[in-house]
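Okay, so here's the structure we're looking at.
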Amino acid sequence: MCGGQRVPRWPNSRRLRPNLGHSSEMANRRTSGESSGRPAVQGSVPAGIVTPTSAGRSRNMQAIRRTNTKPEVQLRSALHREGFRFRKDLVVRTSTRRVRPDIVFTARKIAVFVDGCFWHCCPEHGRQPSVNSGYWSPKLARNVERDRLADAALTHDGWAVVRIWEHEPLETAIRLVKKALESRVA
Ligand SMILES: [Zn+2]
């Protein structure tokens, strides 16, 4: 569940408006009923995210979630441009679980995650979907729980964990990664 209790981890950063799609598109979708057969999306589910109604659709949703998100790609590109070298989607085998950070600096043991506001329950934009909350609530709660377990496992094994919300400006994300790198110089 997306509670409001999580404290923003980067309180000094500039906040952006959530990128939750255009209301006109949402309204249009609602009235037209959409020819693709997708259910009308209402409330706070981001545009493009629909509530699965079948196992096939559920698999599709999982695939969407694994796809590189734009902020993640931007951060990788920017870091690469600045000469940083890292692993992408490397599976880190900690002593208790396998974790797949978005960016991994293996030598310095830094795991970077770019967390989607919806999927990871950002305190600013991670509102509970008003449609089919019986489906979404446990799913999102599991995501958050998995995040915390991953953090704990990595930290326990001596990794530094950097989590960046997808709504953070790129400059902020870069700064956070650099800060972690500087603090972990061998
Ligand atoms: Zn957010």
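The numbers here are math on the coordinates, done by the rules we state, and not lab data. Keep in mind it's a predicted model, so treat the numbers as computed, not measured. Using ideal geometry, Cβ is built from the backbone for each residue, glycine included, and neighbour counts are taken over all protein chains shown.
Annotation: of all residues in the stretch 128-186 being assigned to a loop (DSSP other than H, G, I, E, B) and either β-branched (Val, Ile, Thr) or in contact with a helix residue (DSSP H, G or I) (Cβ under 9 Å, 6 or more places away or on another chain) (or both), the one that is surrounded by the fewest Cβ atoms within 10 Å (Cβ to Cβ) is Val185.
For the stretch 140-159, a residue qualifies if it is in contact with a Cys (Cβ under 9 Å, 6 or more places away or on another chain) and of a type in the set (Gly, Ala, Ser), and exactly one does: Ala141.
Each row is one residue, and each column tells you yes or no for (1) touching a His at 6+ places or on another chain (Cβ under 9 Å); (2) β-branched (Val, Ile, Thr).
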| site | (1), (2) |
| --- | --- |
| Arg87 | no, no |
| Ile103 | no, yes |
| Val114 | no, yes |
| Arg163 | yes, no |
| Glu166 | yes, no |
| Ile174 | no, yes |
